[in-house]
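The values are calculated or read from the model by the stated rules, or taken from the named source; none is laboratory data. Keep in mind that what you see is a predicted model, and the values were worked out from it rather than measured. As a convention, Cβ positions derive from the backbone with ideal geometry for all residues, glycine included, and neighbour counts pool all protein chains shown.
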Amino acid sequence: MSEISSAIDALLQRRLRQLPEVERESARWQALGERLDELDLAVADLRGHTTMDGELAAALTMPQLPQIRLAVAEAADAFRVIGSRFTRPTVNIGVSGAARMGKSTLLQSISGLDNNQIPTGHGIPVTAVRSRIFHSPAVRRAELEMHGPESFLAEVVAPLHAALELTTAPRTIAEFGQWPYPDSVADPRGRLLLTRLRDLRNALESYEPLLTGGVRTVPLEEIRPYVAYPTHEEITEAAGRVPRVYAAVREARIECAFPHPDVARIGIVDLPGLGEVIADADQRHVAGLQNEVDAVLLVKRSSETSSFFDETDTVGLTLLERIRGQVRSTGEFIYLVHNLDPDKPHLAENLRGDLLRNVNSGQADRFFTVLETDVRDPERVGREVLTPLLKRLAEGLPVMDAEVMSGTRRRASAARDRIRLQLTDVRRVLDRVARQAGVPEEVNDAKAAQLRSGIAKRLRLLVAHLAAETQSAMADPGFTDAVADAYQGVLDWIGDGFGRGVRNWQEEALTCMVTEGHAAAFAGPEFSRIRVELSRRFAALDDFFTGRLVEAWERTAAVFVIECGALFAEAETDGLEGDGVQGGNVEGDGAGDDEPAGPTGRELLERLAELFARSSQPCPDLAAAVTDLLDVRLEYRTLLYPRVRPDLAPLNLQVTHPDTGEQMQQVAVPLTEEGAEELYGIFNGLAEQAAFRIQKSLLQESAVPAAVIHALVEQFEDTLIRSGTSVQEFRRFVRSYRNDLWPEEFRGIDEANSRYARVVRVAEEISDLIEEDSQ
């Protein structure tokens, strides 16, 4: 791979790395458009409420919203188009020029195609369809995007009618086929347009079957009539009724092997000749190419009649400016190709001088780089056009990409500033609405105090009951049963030869002892395995701890189901029972098995945390208190394992002598079957003793789970009710959900308040979105 090819590949990879940022911007502006639509509806809904003061309703308008919406849509689309630019697998070069300048010949020299695929001609325009040509070492084909009837009438026929100032245009293909066009018009250009229009009508039967939309694939050898106007000879031979199948084609994509190095990642866009007589032909051909073309070659030929840069060329440059978009330097985007005629050097000198004086103001390449070549010579085109162009692009495209991004952001910032101003106006009126309508603040505060007090009383009562349960936890049958079940499971495992069967265990022990020559080789690892397994089996107590934690969540959630009214209406009827103190329907107790289960206590508390966090006036500390309650885990390993770990100490090969304090090996048996049986008896006894000691230690700690649950709920109650922000956040909570908490009491007032809150919420969402890019 050459240095130029490597640079182009690196450029394309760099573009891909910028894609996530562009996609985020496009999504953000699209979301802004959606929020603006919602704001418009919300404001209209609020203005239409019967309680709204007439003067305020008249003031609550957004006269600039239609223009802002349009600007936001344009910003979203601009970033989407940049995304398309950055995902292209090629650097695309447009090739343009007026008829007879050598544009098609240059394309042939670049692509390796011939006159059957890229037609050339003398005296009349030839290229009828915009084509994109891509290097493909293995594929030779053309994919044609076809017009449907609607796009043909709108993009081909209607512009001709408009240019001829015809008052109406056909609405169907059948109407077009029978349209009565005038015999002639006075304007010379109009006569040419009218001839073109009649030619299309008269040849309708040749291309009407192709007006199917979609994509049609044809061999390259058959592409010419689909992309080129008929030649003068073809028109003459057909007596004017020559087929015009090109009329059914919107655009062509051609794949073939290019003959030059460094072009594997290059795409060529063949722009039909500038200055064609057909209405808006040149403008239609450049439409939609912004960010689709990275540079343009404008071909100018030195000849007896075109050895100077004329008005047609100037108009062509202006037209190509539309493709440049946000790229600041025209000279970095458009390059002039001086098509030399080696047989007429004086003409080349004339055009060279004119380009220097009248295009570049006397300084070579000051505004536009001029690349001189004979477009008929592929080798010279590669050396004198492609190589210098690709070198320039390898260096200049990153700069142009950055200019496109910054220019698009700059244009989008104007829309952002207009949105800010509009939101300021809306908020100013909303402040007046808030002062003249709704529930007095003292009523809100009283309701917040009432809710906070009710929750505090029920939580305090729950904490008191949990404290009492802690005092009586030594007799907790649930914990005692859980320990007994775990202990029995351990004994069963020990009795089964430590999970291997007694006979198998003894055979494995004997084999290892005989092989290694001593009992320690088996006993050491086996002691470790048994210690770990005993600890793991008592970890089955986790199910008990989980049940107690779930019950605490259920009882806590029941408090809010009772106090928060309609916010948890479904939970009241389908979920928890009880008063939140004595406990309710704890998951797994079989209650309600015949009916669909309501939300669990955990689900209700998660919903409560979400309500706190996402209210129109957020309550982050209240939400954090609930989240902290749900984040707790009760496990045997963390609560009780440190207490029982010493009970496992005797299950080691070496232990401390109780009298001397010295280390001693407690296993020494003969290397025989009898020795293996004796070893099993030792292990069995030590394991059962350890299991018994663990059971005893656990039963002595039966108060721990209840004490932890009590401390957990007490801390939750203290944080929720008595934190420094509790009073303020309960007031916010009530303002946000008053009509849900007490629907009957505030129904009439809060219908308007709900509409007001919706406007405030959407306005805040819009504000957050427009500030993302300034953080």
Count, please, the residues in the range 1-49 that happen to be without any contact (Cβ under 8 Å) to a residue 24 or more places away in the chain and of a type outside the set (A, V, I, L, M). 10
Every residue in the range 1-60 that is closer than 18 Å to ALA763 by Cα and either touching a Ser or Thr at 6+ places or on another chain (Cβ under 6 Å) or among the polar types (S, T, N, Q) (or both), please. GLN30
Would it be correct to say that ARG411 is in contact with a strand residue (DSSP E or B) (Cβ under 9 Å, 6 or more places away or on another chain) and either under 30 Å from ARG722 (Cβ atoms) or assigned to a helix (DSSP H, G or I) (or both)? no
Can you tell which of ALA691, ALA711 is hydrophobic (A, V, I, L, M, F, W, C), without any contact (Cβ under 8 Å) to a residue 40 or more places away in the chain and not assigned by TED's automatic domain parsing to the domain that holds LEU41? ALA711
If I filter the range 709-740 down to residues being touching a Leu at 6+ places or on another chain (Cβ under 8 Å), among the charged types (D, E, K, R) and modelled with pLDDT of 90 or more, which single residue comes out as nearest to ALA464 (Cα to Cα)? GLU714
Only one of these conditions is not met by VAL443: (1) touching a helix residue (DSSP H, G or I) at 6+ places or on another chain (Cβ under 7 Å); (2) free of Cβ contacts under 8 Å to residues at least 24 places away in the same chain. Which number is it? (1)
Restricting to the range 713-747, name every residue that is acidic (Asp, Glu) and closer than 14 Å to ALA624 by Cβ. ASP718, GLU729
Tell me yes or no: at least one residue of the range 56-70 is part of a helix (DSSP H, G or I), buried (at least 16 other Cβ atoms within 10 Å of the Cβ), more than 37 Å from the chain's Cα centre (by Cα) and in contact (Cβ under 8 Å) with a residue 40 or more places away in the chain. yes
Say whether the condition of being closer than 17 Å to ILE709 by Cα and assigned by TED's automatic domain parsing to the domain that holds ASP718 is met by at least one residue in the range 490-497. no
Count, please, the residues in the range 378-429 that happen to be under 25 Å from ARG328 (Cα atoms) and β-branched (Val, Ile, Thr). 5
Assigned by TED's automatic domain parsing to the domain that holds ALA71, exposed (fewer than 14 other Cβ atoms within 10 Å of the Cβ) and either under 30 Å from ALA257 (Cβ atoms) or aliphatic (A, V, I, L, M) (or both): which single residue out of VAL399, VAL404 fits that description? VAL399
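For (1) on the phi < 0 side of the Ramachandran plot; (2) of a type in the set (D, E, K, R); (3) surrounded by fewer than 20 Cβ atoms within 10 Å (Cβ to Cβ), each residue gets a yes or a no:
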site: PRO650; (1), (2), (3): yes, no, yes
site: GLN654; (1), (2), (3): yes, no, yes
site: THR672; (1), (2), (3): yes, no, yes
site: PHE683; (1), (2), (3): yes, no, no
site: VAL704; (1), (2), (3): yes, no, yes
site: ASP718; (1), (2), (3): yes, yes, yes
site: PHE730; (1), (2), (3): yes, no, no
Which of the numbered conditions does ASN339 fail, given that it passes all the others? Conditions: (1) over 23 Å from ARG392 (Cα atoms); (2) more than 43 Å from the chain's Cα centre (by Cα). (1)
Top-ranked residue in the range 284-336 [being free of Cβ contacts under 8 Å to residues at least 60 places away in the same chain, among the β-branched types (Val, Ile, Thr) and not in a helix (DSSP H, G or I); ranked as farthest from HIS346 (Cα to Cα)]: ILE334
